[in-house]
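The values are calculated or read from the model by the stated rules, or taken from the named source; none is laboratory data. Note that the structure is predicted; figures quoted are calculated from it, not measured. All Cβ positions, glycine included, derive from the backbone under ideal geometry; neighbour counts span all protein chains shown.
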Amino acid sequence: MDKLLALERFVRIVERGSLTGAAADCATSLPSMVRSLATLERALSVTLLNRTTRRLSLTDAGRQYYEHCKLILGQMQQADAALASRVVEPRGKLVVTTSVVFGRRYIALILAQFLQRHPGVSVELLSVDRVVNLVEEGADVAVRIGPLVDSSLVAVPVGRVRRVICASPKYLRAYGTPRKPEDVRDHRIVRFTGLVPKSEWQFRAESRKLSVPIKSAYTCNHAESAIDACVNGVGLGAFLSYMVAPARRSGGLRYVLEDYEVAPLPVHVVYPYSRSLSANVRAFVDACVGTLRRTKFD
């Protein structure tokens, strides 16, 4: 428990950027916080933080240790949650945020099933195509696609989504199937601006990134409308695989240029770290992680 307390204090120091602020957060004295950090560094035989009178900064070893500490504390929190959910019935408000199409395709169903199991919980789903600051906007849990930039959150990986190029069989019969990235220059293009803000598509050829200019026949800021245009034979489109997976399975769309796709994007369930995480957040995170890890996004 002493080691766990030291890890928690170290993480808090890093996140606050101040020993004084971390001490206040942990309801302890500044000397106690200093001793805890010094003891941890002695035990590890490394310097974790460079300390001056004005600022704190992580050493290379400290940065690596910080990431491990977050993972350990997150796993401990999940273990606590698994036990707590058996004895504490979730209740109260739960605010979940994710992107619009992902929310409709996956999270809405997970929430419906969650509410059936836990009638004491009320849910608000914020479906927006932007990164929501959980603390500032009062959200409890988010499902995020892409690299994570907020290191203060607990992040649980649940899968990956591909960035795919697709078209309807009707379009491919009429205009042919592109065989290499440069071929898209000669094709009609449906550009979904939420994913492709510039008039170019990104590819990967033999570990080399490749940008190909495109000429849009149809430009749209709404994912479903852009997908419908592709299904109706307007042109080639670029989407995240989960967006078009139903149309692909039904035969309405086919993927092309799969050998040239850029690296897939990670999907995480994220939530603020807290030792007093509510039972409803714990229960929903467990349900969401379990379901999404069994889901195929392509």
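A few remarks follow.
- Segments classed as strands (runs of 3 or more DSSP E), wholly inside the range 1-111, with at least 1 members that are under 22 Å from Val269 (Cβ atoms): 92-98
- Output for the range 1-24, where each listed residue is under 17 Å from Leu73 (Cβ atoms) and crowded, with 16+ Cβ neighbours inside 10 Å: Ala6, Leu7, Glu8, Arg9, Phe10, Val11, Arg12, Ile13, Val14, Glu15, Arg16, Ala22
- The set of residues in the range 237-268 that are over 23 Å from the mean Cα position of the chain (by Cα), among the hydroxyl-bearing types (Ser, Thr, Tyr) and closer than 24 Å to Ala217 by Cα comprises Tyr255, Tyr260.
- Members of the range 112-122 that are part of a helix (DSSP H, G or I) and either among the aliphatic types (A, V, I, L, M) or modelled with pLDDT under 90 (or both): Ala112, Leu115
- Sole residue being touching a residue at least 24 places away in the same chain (Cβ under 8 Å), touching a Cys at 6+ places or on another chain (Cβ under 8 Å) and of a type in the set (Val, Ile, Thr), chosen from Val231, Val267, Val256, Val212: Val256
- Residue list for the range 280-298, filter: surrounded by fewer than 20 Cβ atoms within 10 Å (Cβ to Cβ) and either closer than 21 Å to Phe114 by Cα or at pLDDT 95 or above (or both): Asp286, Ala287, Val289, Gly290, Thr291, Arg293, Arg294, Thr295, Lys296
Residues checked against (1) surrounded by 15 or more Cβ atoms within 10 Å (Cβ to Cβ); (2) more than 23 Å from Arg254 (Cα to Cα); (3) of a type outside the set (S, T, N, Q):
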| residue | (1), (2), (3) |
| --- | --- |
| Val123 | yes, yes, yes |
| Ala142 | yes, yes, yes |
| Ser151 | no, yes, no |
| Pro157 | no, yes, yes |
| Tyr175 | yes, no, yes |
| Pro178 | yes, no, yes |
| Val184 | yes, no, yes |
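- Set side by side, the residues Ile214, Ile227, Ile165 differ, and just one is of a type in the set (Val, Ile, Thr), more than 25 Å from the chain's Cα centre (by Cα), over 30 Å from Gln77 (Cα atoms) and buried (at least 20 other Cβ atoms within 10 Å of the Cβ), which is Ile214.
- Filtering the range 230-270 to residues that are aliphatic (A, V, I, L, M), more than 30 Å from Asp140 (Cα to Cα) and either touching a Leu at 6+ places or on another chain (Cβ under 8 Å) or surrounded by 16 or more Cβ atoms within 10 Å (Cβ to Cβ) (or both) leaves Val231, Val234, Leu236, Ala238, Ala247, Leu253, Val256, Leu257.
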